[in-house]
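Reading through the structure tokens given below for one structure.
Each reported figure results from applying straightforward, stated rules to the coordinates on display, with no laboratory input. Since the model is a prediction, treat every value here as computed from it, not as a measurement. Every residue, glycine among them, receives a Cβ derived from its backbone with ideal geometry; neighbour counts consider all protein chains shown.
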Amino acid sequence: MTTYTLNSNIRSGDDSDVQHVTVGDTVEVTVLSGYTPTVSTLVNCSASRVVTNGSSSYSSTLFTVTPTSGGAYSALLYQPYQANTYTLTGSATGSAGTTIQDTKFLTVGTYFSATGYGNPYHGNIYETIGGGADTTLTDLYAGSSVRNLYYNTSSNTLTLQINDAQSNVVNNVWDYLTIDGNTFTRFEATFTQVSAYKTWTWTSVSNPFPSNGNTIPFTFYTGSLTYQFAVNIRTGTTHQTATKNVVAGDTIITDALTSWAPAVAVNSLAPVNCTASVTVTNPGVASNTVFTVVPTGPGAYSARFGSAGRSFTLSGTSNAQAVGGITSGTVDFGFEQYDVSGNVVVDSREATETFLEIATGLSIYLLPPNVGTSTYDWTGCTGVTSQADLDDNYVFERTDGGGWNLFVTEFNHTRTYISPGTVRFTWNGACRNAWTGYPITCTAFHGVTNVFNVLAIGKTL
């Protein structure tokens, strides 16, 4: 993944940037501000801030934004001093069909030949930059945590070790691990398990960690990637080959120097367990060809193209795509009950959906942004994992009836997903003159209280 670096100054006015990215990329904005700014409205992204000299009108903030899915995203940093804002917007495109399963941040440490994170000797892991230490992998394996993620400079090996507290850490949940933009595929690692620890080891790989003390993201993905090859069958060796082990659905693109108009399945070798196509440019003595292969299922695959007695063959093993993050333990034990026709009517291994009240009388008082605290982060939203999950599976029943306010057209506070279990409430009123009803500059009189009962619907146990 890519990290974009921007700069902004909102000490004397508003500012904004547009940055188009790929899902999982990180945008780091150094913002010159006054006193301590706050993270406000977030759309399709997560964000954090680290403030330097927060008690001064000459503070500086590292504002870090990571889009979470494809589509438009936006993030707002609000400076209460002089009521200035910094807004970052853009569009996020999916990384070749990948889906983020879990993202953490790691501060690099060293211990003898190990660099990265190693419990309890070196490094730290966080859910957000600037947050407290947090090794849990809630979105990947329920109840699990990172025990080790380090590179051994003596053996040139990378080790990921997870503490399997709920016996649900299995080797088919994620496809790729990226560390500071370096990608490691799960199927290329050796998987072992000893007691409660599950370990993936990559051998003969390069060190993905920067120098000691740097903080970097690492992310688990499922989905499809695109790989690139380049060959020359116009001259040189008559028949050339390459091997690439991939995940089913990955795309392998080969840019080839060719002659005339090559075709797929030359010499009667039809594509095996894959689709294959060629796009020929300048079909003559000095033509160029793009050879595209997509494995369609697990197992061996192969495809060939060529012409005039020259060919290129691509082959390898296609691995099954991972199933994605899980939230419960293994299902090795349980019972089933059948009807007279042999149909399962009760299965104790199936997740049970609930209708659960998780908060009663949740009272939240917020001020307009130009006056004071206009947001509140509630950490009691049990089980919430995304904005879509918040919208679809949680009900906020306002119990105070709304009430009448002489100074403000009252609305419910807006609710935005921030991180697992955390929802941000944001003031959402319109300030008006008490006698004319016309819009006016907000004051402390425009504070609004909302009281909610919160219900989780259809969540699984």
Positive-end residue, region 99-222 charge dipole about Cα centroid, Cβ charges, pick of GLN161, LEU106, THR215:
GLN161
For the chain, averaging the sequence separation of alpha carbon pairs under 8 Å that lie six or more residues apart and dividing by its residue count, the contact order in percent is 11 percent
For region 226-319, state what percent of all Cα-Cα pairs lands in each successive 10 Å bin, counting from 0 Å until the bin that includes the largest distance.
19, 53, 25, 3
Kindly provide log₁₀ I(q)/I(0) values, in the same order as q = 0.13, 0.15, 0.21 Å⁻¹, from the Debye equation applied to equal alpha-carbon scatterers of region 3-93.
-0.37, -0.48, -0.89
For region 18-70 and region 114-135, what is the centre-to-centre distance using only Cα atoms, to the nearest Å?
21 Å
Test item: Cα-centred dipole of the chain, Lys/Arg +1 and Asp/Glu -1 on Cβ, debye
1160 debye
Divide the volume of the convex hull of the Cα atoms of region 353-460 by its number of residues and quote the answer in cubic angstrom per residue.
91 Å³
Computed over the chain, the Cα gyration tensor eigenvalues, each multiplied by 5 and square-rooted, give semi-axes in Å (largest first) of 47, 30, 24
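Let me check I've understood the local charge: for GLN321, count other residues with C-beta under 11 angstrom from its C-beta, Lys and Arg +1, Asp and Glu -1. What total comes out? Mind showing how you got there, number by number?
Numbers: positive: ARG186; negative: ASP175, ASP250.
Residues close to GLN321 contribute a combined charge of -1.
Dividing the Cα convex hull volume of region 100-148 by residue count, how many Å³ per residue is that?
That works out to 76 Å³ per residue.
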